[in-house]
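The values are calculated or read from the model by the stated rules, or taken from the named source; none is laboratory data. Model, not experiment: these values are computed from the prediction. Counting neighbours? That spans all protein chains shown, and the Cβs are built from the backbone with ideal geometry, glycine included.
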Amino acid sequence: MRKEFEKFILDRLKKHKEGLTFDELYKPLKAHLSKRDLDKGLEEMSRKGKLINTGRNYILTSGDKLRKCKVSHIKKTFGFVRDLDTDEEFFVAGRYLNGALPGDIVKVQTYVGRDDKIEGKVIEITEESFSRFTGNIVNEWGELKVVPDTLSKYAMTIEQPCHFDLREGDKVLAEISIRGASHADHRCTIIMTYGSSLKASVCAMSVLGLNGLTPIFPPEVIAEAKQVSDYRSINAEIPNRLDLRHLPIFTIDGAATKDIDDAISVEKTENGYKLGVHIADVSHYVTVGSKLDAEAYKRGTSVYYANRVIPMLPTELSNGICSLNPNEDRLAFSALMELDKNGFITDYKFAKSVIRSRVKGVYSEINELLEGYNAKSLCEKYAEVMDCLPVMKELADILKGNRIHRGAPQISTTESVLIIDDNDYCIGVEPHQSGISQELIEDFMLCANECAARFGAENGLPFVYRVHEDPPADRLEYLKAGLTELNIPYNFEGGVKPKTLSEILEWERGTERFPVVNNLVLRSMAKARYDAEPLGHFGLVLKDYAHFTSPIRRYPDLAIHRIMTEFLASGDADRCGELFGKFSCSAAIQATDTELVAMQTERDCEDCYKAEYLKSQLGEVFEGVIISCVPHGMYVMLDNTCEGLVRLDSLPMPDYEYDGKFSIKRHGKGEVFTVGKRVMIQVAAVDVSSGRVDFEYVDNSK
């Protein structure tokens, strides 16, 4: 095709970013070209990467060369790929995935898509990944197939289904066995069947299986855990430790907690306070090169969902010899801190210790005592530590005040409590209530974590820091746009400061707009992660921060315990560098990766349980608050923390439209649904398997 015709086509497509059909391109050219010549010319331009044939029309590409990308994740009708060179992420419509699966390395052609954003089309799959997925068994014309939960909307043919006793409605874990040209053409084999997809606990098991999470440990790991859990070894170790058994040390946890890894002691002094945070010395039992260590490294973290836990360590350690149970000698790693009357840390030291907890404190009971409800039974239970409670409260109030004063944004987050019956069904959902003692423990742990990070940085040790960087530029632009839309003044000259965000939140707290502003600030934040460099913590407004206080359930805590132990014994930072330089880097990366998997797993499992509860509430009417608006509807959170989608097409009139920001409006009318507005909804449809819930708006003004 001649260059002037090619230029004409490109110029037309630049003016029509939504694309043009073949006929729309041909009409002005029919006096000069035949349909056959145009078809050949468009095909040649497509091969050169100048345009994309979507099947319905032609769209201009971005003009870039093919990008090497990794498929990050996909849903039923779309996906995302991440550029391996620039780390940019692009949306890919389902029809352009061309059968690509998560983890695949692909070549992607980019083009200007909706809202002038760069989107992609998979041109070639250069490296296939190992692809497992969960799904439900369906019966199509007498043949059992799998409908994936996320990979595709098409039912997939099963290879050799007779290996399992499959029934329609079963939840299964499957693996791609034969790749097709599209998702509809893939074939799979069944790896595991869990039971009915109508039960949340079954669906949760499939989520765990998909992510390779299991409560079962390899036999050799269990054998090693039993071997090191020799309680007689505690007595043998005591002469080598700082003996703190005389102090009124105690723990505070939930009533059902069995893996108790932190205890506290507090004393008022002439100059301020002495605060002790005493952590289970897991590193004494989980040593370098052991099978226990390899398994803990692989798991990275414990995973908590509903009424269950997938532990990082076998129960022989987590609930046994490492757990700081009351009235039993335990080996600990103690952070011993001195604070002045204003709550600022003036001195600290770390020591390997032996402790004996006086009592297993329970959050709800401590809250009652701190609020003045001194029931006789509670006074008797806490007799040995009663004198510590007022001092604890006094110091905690000072620490909280300091945190607020230095400008740490007080972002509101909503956590849920799932009520599970004896038959493992979710029969209720409630918002988690955080009381005085929960906040108190959190502030004390922050002190120990800050001191641990200081210890690592001041001594030049290889370390694993908990870092939270400044908001990324693209998220900051999103925040600015939102605040501008809401007419909220801000000054981000020289970069955004935590205190600025804190002030914005406090201006709006208690208003109808607060949920919108809170969500804007939350979404502007970078994700906290682990790093071998001390990059600071934006959200806490701390220069140094690490995770020291939970080695039973977090590997980075165990990692820095090991490094600190070596330095306390040798005083040789160079030796620590040789021993742990590479280890600290790999541990930080692994801990970040496993944390992300754990968080998503916990969220997915919780969604299934919430959906199970709401299935029993079908047709019931509730009040909730709009938490976000999207092109296809609005998400509403009930007061019990359950969420659902009110679809745009379910609203009473057909002329509602998303404004692209925070509202859904009706043309020419005053009716507006805005984030933060309270509305009445009815539970309309529930899918336990996916955790999806549909609400319908109830107009109670009539």
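Tell me which residues, restricted to the stretch 411-467, are in a loop (DSSP other than H, G, I, E, B), more than 24 Å from Leu522 (Cα to Cα) and charged (D, E, K, R).
Asp421, Asp422, Asp424
Filter the stretch 306-327 down to residues that are in a loop (DSSP other than H, G, I, E, B) and within 19 Å of Ala294 (Cα to Cα), then give me how many there are.
Qualifying residue count for the region: 5.
What helices (runs of 4 or more DSSP H), lying completely within the stretch 347-408, carry at least 1 residues that are outside the structural domain of Leu440 (by TED's automatic domain parsing) and modelled with pLDDT of 95 or more?
Those helices (runs of 4 or more DSSP H) do not exist here; none qualify.
Can you tell me how many residues within the stretch 121-136 are under 17 Å from Val207 (Cβ atoms) and in a strand (DSSP E or B)?
Residues flagged as under 17 Å from Val207 (Cβ atoms) and in a strand (DSSP E or B) within the stretch 121-136 amount to 5.
Find the residue count for the stretch 651-676, including only residues that are part of a strand (DSSP E or B) and under 16 Å from Gly482 (Cα atoms).
Count: 4.
If I go through the stretch 16-48 residue by residue, how many of them are basic (Lys, Arg), modelled with pLDDT of 80 or more and within 24 Å of Lys65 (Cβ to Cβ)?
Number of matching residues: 1.
Sort out which residues of the stretch 153-197 are surrounded by 14 or more Cβ atoms within 10 Å (Cβ to Cβ) and among the β-branched types (Val, Ile, Thr), and write them in order of number.
The answer is Thr157, Ile158, Val172, Ile176, Thr189, Ile190, Ile191, Thr193.
Hey, can you tell me all the residues within the stretch 281-315 that are touching a helix residue (DSSP H, G or I) at 6+ places or on another chain (Cβ under 6 Å) and modelled with pLDDT under 95?
Hits for the stretch 281-315 are Tyr305, Ala306.
On the basis of being aromatic (Phe, Trp, Tyr) and assigned by TED's automatic domain parsing to the domain that holds Leu399, does Tyr478 make the cut?
When the stated conditions are applied, Tyr478 does not pass them.
Based on this model, can you work out whether Lys258 counts as of a type in the set (D, E, K, R) and within 30 Å of Asp604 (Cβ to Cβ)?
yes
Report the residue count in the stretch 275-291 for those that are over 29 Å from Lys341 (Cα atoms) and buried (at least 22 other Cβ atoms within 10 Å of the Cβ).
5
Does Arg47 satisfy being loosely packed, with under 13 Cβ neighbours inside 10 Å and in contact with a Gly (Cβ under 9 Å, 6 or more places away or on another chain)?
Against the criterion (loosely packed, with under 13 Cβ neighbours inside 10 Å and in contact with a Gly (Cβ under 9 Å, 6 or more places away or on another chain)), Arg47 does not qualify.
Kindly indicate whether any position in the stretch 226-236 is surrounded by fewer than 16 Cβ atoms within 10 Å (Cβ to Cβ), closer than 30 Å to Tyr363 by Cβ and in the same structural domain as Ile436 (by TED's automatic domain parsing).
Yes, because at least one residue in the stretch 226-236 is surrounded by fewer than 16 Cβ atoms within 10 Å (Cβ to Cβ), closer than 30 Å to Tyr363 by Cβ and in the same structural domain as Ile436 (by TED's automatic domain parsing).
What's the number of the condition Tyr154 fails, among (1) assigned to a loop (DSSP other than H, G, I, E, B); (2) within 20 Å of Asn53 (Cα to Cα); (3) among the aromatic types (Phe, Trp, Tyr)?
Against the list (1) assigned to a loop (DSSP other than H, G, I, E, B); (2) within 20 Å of Asn53 (Cα to Cα); (3) among the aromatic types (Phe, Trp, Tyr), Tyr154 comes up short only on (2).
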